[in-house]
Amino acid sequence: SYSDTHTSITTDQTLTYGPFTALFGLPPGRASLNYTLDLKQLTQEFRLTSKSGQPFEWLVGTFYSDEDGDNFQTVPITQFDGAPIPGLSTLGDLSIPSTYEETAVFANGAYKFNDVFKLGAGVRFSRNEQDFAQIVTDGVLLPIGTNTNSSSEDVFTWSVTPQFQINKDVMVYAKAATGYQPGGPNVLAPGLPPVVDSSMLTSYEIGMKSAFADNRVVLDLTAYQIDWEDIQVASQVNGVSGLVNGGEATSRGIEASAVFRPVEGLTLGLNAAYNDANIDEDFPAIIVPAGPAQVEVNTGLKNDRMPYVPDLTWSLTADWYVPLGGNWSANFGGGVRWVDDRTNGTTERQIVRLLDPPTVLDEEVTVPLVIDSYYALDLYATFTNDNWTLRAYMKNATDERAYSTMNDIIDQVTNETRHTAASPIQPRTFGVEVDYRF
């Protein structure tokens, strides 16, 4: 596959960077962030697989990906009436060209010992190489100049999956597997690491899949635990965003899915998940020199909840099929979904420490925002024959007002929180769709 993507976004940054005009003795001005990303990606994969239905089934393959990106960012600033600022046209003007190349080989196999026991396993070896340049041509947010960086790493991952067919209605399985999120060069700014390590995880899962009463009752249960190492998190130092490795984290939970067909044409569904996801240790401190002192920033503390991970989610669905005359049929249904509250980040602790003699001058702890729980009701009706389908739907029928993300907008001169910006969930949306098959 080949893709060529162009993305251009402009956001208002007046409350964040507008106060920089105070450095020139002027009242707060206007600022924005112009962000452009051009990305070309070529991906190839080849697979060779055995015939299905054999006691031993196998698959081997190779994978290759080549990405070339150009990231352009500018932060123009003017006086509030649009007049230019003498000696300052932009707070930052930089480009970040980068390349990412990954090559991998992999193999999977499964052997069916008998009608009860089947064992599967897989391995994958990959290598990625990255090059990165940060070219700052103007502004005061970052030092002007060109800096280059590169990284390369070899990663080995594996999986093991035993499976037990208890009887014709019940299957029990387990799975242990490893995975990773590539690291690589980072934004070059004081206090941020030049290279971010890969984020590695090991997951353990045990589950049951079952069907009873001629498939009128279907029940799936899963319990899991995921252990993270060097988890990657976004951090901001002096108004510049980058990535840092955050140590270890654990996520464990239970998921359940059930389908009931009590009478002909009626299907009821339930999906629920409980997830306990927490940071296991303080994130490594980011050190920012400040003359005779230094600022130590921890962007996450032990026992923090993982950002944007709700403890509990569930949904209830109902679908009713009704045959009509003349090859027509109808489906009516809907669902209620509920999402627990979440945090928008982790706790930040900032310590200002005098170096000689070692003395703590100030300590500030900022807790994350809590995003409230919410529910949403979706409804639909469909009429179908051999050629035509007419579908009417209403999403979030009660127009529940809730939020999916939330962040404080902070003045980068005074460090004052100006306001909170949030992204709402989809509001009440209704529509009609018509399909014709020929």
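Number of residues in segment 32-55 that are touching a Leu at 6+ places or on another chain (Cβ under 6 Å) and not in a strand (DSSP E or B): the value is 0.
Condition (residue is modelled with pLDDT of 95 or more and closer than 30 Å to residue 104 by Cα) applied to segment 7-26: is it met by at least one residue? Among the residues of segment 7-26, at least one is modelled with pLDDT of 95 or more and closer than 30 Å to residue 104 by Cα, which makes the answer yes.
Filtering segment 324-356 to residues that are polar (S, T, N, Q) and touching a residue at least 40 places away in the same chain (Cβ under 8 Å) leaves 327, 329, 331, 344, 346, 347, 350.
Surrounded by 14 or more Cβ atoms within 10 Å (Cβ to Cβ), of a type in the set (Lys, Arg) and without any contact (Cβ under 8 Å) to a residue 40 or more places away in the chain: does that describe residue 124? So residue 124 passes the test. Every test in (1) over 31 Å from the mean Cα position of the chain (by Cα); (2) farther than 28 Å from residue 37 by Cα is passed by residue 88 save one, and that test is (2). Specify the residue that is modelled with the highest pLDDT; the eligible residues are those in segment 255-288 that are among the β-branched types (Val, Ile, Thr) and open to solvent by 70 Å² or more (accessible area, probe 1.4 Å). Going through the qualifying residues, I end up with 263.
Test residue 356 against the criterion of being farther than 22 Å from residue 318 by Cβ, open to solvent by 50 Å² or more (accessible area, probe 1.4 Å), among the acidic types (Asp, Glu) and assigned to a strand (DSSP E or B), and give yes or no. It is false that residue 356 is farther than 22 Å from residue 318 by Cβ, open to solvent by 50 Å² or more (accessible area, probe 1.4 Å), among the acidic types (Asp, Glu) and assigned to a strand (DSSP E or B). Within segment 401-438, the residues that satisfy the criterion of being free of Cβ contacts under 8 Å to residues at least 60 places away in the same chain, assigned to a loop (DSSP other than H, G, I, E, B), open to solvent by 50 Å² or more (accessible area, probe 1.4 Å) and not polar (S, T, N, Q) are 401, 416, 427, 428, 437, 438. Where strands (runs of 3 or more DSSP E) fall wholly inside segment 268-342, the ranges with 1 or more residues that are among the basic types (Lys, Arg) and either more than 30 Å from residue 376 (Cβ to Cβ) or more than 20 Å from the chain's Cα centre (by Cα) (or both) are 329-339.
Which members of segment 56-109 meet the condition of being outside any strand (DSSP E or B), aliphatic (A, V, I, L, M) and open to solvent by 50 Å² or more (accessible area, probe 1.4 Å)?
Hits for segment 56-109: nothing passes.
In segment 370-400, the qualifying residues are those that are within 21 Å of the chain's Cα centre (by Cα) and assigned to a loop (DSSP other than H, G, I, E, B), and the one that is farthest from residue 312 (Cα to Cα) is 372. Between 74, 10, 103, 36, the distinction of being more than 28 Å from residue 151 (Cβ to Cβ) and hydroxyl-bearing (Ser, Thr, Tyr) belongs to 10 only. A count restricted to segment 5-50 and to residues that are closer than 20 Å to residue 414 by Cβ and acidic (Asp, Glu) stands at 1. Of all the criteria given as (1) out of contact with any Asp or Glu (no Cβ under 9 Å at 6 or more places or on another chain); (2) touching a residue at least 12 places away in the same chain (Cβ under 8 Å); (3) farther than 30 Å from residue 121 by Cβ; (4) of a type in the set (A, V, I, L, M, F, W, C), the one not satisfied by residue 83 is (2). For segment 4-31, taking the residues that are assigned to a strand (DSSP E or B) and touching a residue at least 40 places away in the same chain (Cβ under 8 Å), the one that is least open to solvent (accessible area, probe 1.4 Å) is identified as 31.
Return yes or no: is residue 153 under 30 Å from residue 200 (Cα atoms) and surrounded by 15 or more Cβ atoms within 10 Å (Cβ to Cβ)? The answer is yes for residue 153.
The values are calculated or read from the model by the stated rules, or taken from the named source; none is laboratory data. Since the structure is predicted, the reported quantities are computational estimates derived from the model, not experimental observations. Positions of Cβ are generated from backbone atoms using ideal geometry, with glycine treated the same way; all protein chains shown enter the neighbour counts. Quick note on the areas: whole protein, heavy atoms, side chains included, nothing else; ligands and nucleic acids left out. Shrake-Rupley method; radii C 1.70, N 1.55, O 1.52, S 1.80 Å.
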